[in-house]
Amino acid sequence: MNTNKRQEGFSLIELLIVVAIIGIIAAIAIPNLLASKRAANEGSAVASVRTVTSAEATYQATTGAGLYGTLSALNLAGLVDTALSGSSIANPKSGYAFAATPDATTPRAQYLTTASTSVATGLAATGTRNFASDATGMITYGAASQTAMTANTGTAIGN
């Protein structure tokens, strides 16, 4: 009879060490993943504001007869898609709500396009900056803590 039994498998200590290592790796990786997601959302927001800026110029020169349009009007003209024109805080596009507000009361028609984060703080934050653009074509940003930019007076992107 063989009194030496062959023991196979991992001990409880070895399993606990592996679980601890996985926990440490997750603690390092998850914040970086969330930061990458916020950066991707911000990049998408800037690209969408550029799209609206281009669409506004096209709309003013063609369909708008010298005036700028809302996102709904730009969508009806086929210049922006429904995901962009239908975005809101409740229905964000890549974590941002977009608005285009034309102002026909000025001697030269103007507009303001804004991109506001749907969640501005905490782990679930969709971005750290809000964006705006107007007829000048310059895109600016401000802190996401403000609800929405009311003018294109933030810091120019790239600066």
Over its Cα atoms, what ratio of radius of gyration to 2.2 N^0.38 Å does region 72-118 give? 1.25
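Which of rounded, prolate or oblate describes region 85-147 when judged by the alpha-carbon gyration tensor and an a/c cut-off of 1.5? Each step should come with its number before you reach the end.
On the way: a/c = 3.06, a/b = 1.95, b/c = 1.57.
Prolate shape, in that a/c is at least 1.5 and a/b is the bigger ratio.
Would you please classify the overall shape of the chain from the alpha carbon gyration tensor, given that a ≥ b ≥ c denote the square roots of the eigenvalues, rounded means a/c under 1.5, and beyond that prolate means a/b larger than b/c while oblate covers the rest?
Prolate, because a/c is 1.5 or more and a/b exceeds b/c.
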Go ahead and set up a Gaussian network model of the chain, Cα springs under 10 Å, then flag whichever of Leu123, Leu71, Leu84 fluctuates most. Leu123
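For every helix of n ≥ 4 consecutive DSSP H residues, a contribution of -39,500 (n - 2.57) applies; sum these over the chain, divide by its total residues, and give [θ] at 222 nm rounded to the nearest 500 deg cm²/dmol. It would help to have the intermediate numbers written out before the result.
Details: 3 runs with 60 residues, N = 159.
Value at 222 nm, helices only, nearest 500: -13000 deg cm²/dmol.
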With Ala124 itself left out, Lys, Arg at +1 and Asp, Glu at -1 over residues whose Cβ is under 12 Å from its Cβ give +2
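Explain nothing, just the number: relative contact order of the chain, from Cα pairs under 8 Å at least 6 residues apart, as a whole percent.
Values: 251 pairs, mean separation 26.8, N = 159.
RCO, the chain: 17 percent.
Each reported figure results from applying straightforward, stated rules to the coordinates on display, with no laboratory input. Treat the numbers as computed from the prediction; the structure is a model and nothing was measured. All Cβ positions, glycine included, derive from the backbone under ideal geometry; neighbour counts span all protein chains shown.
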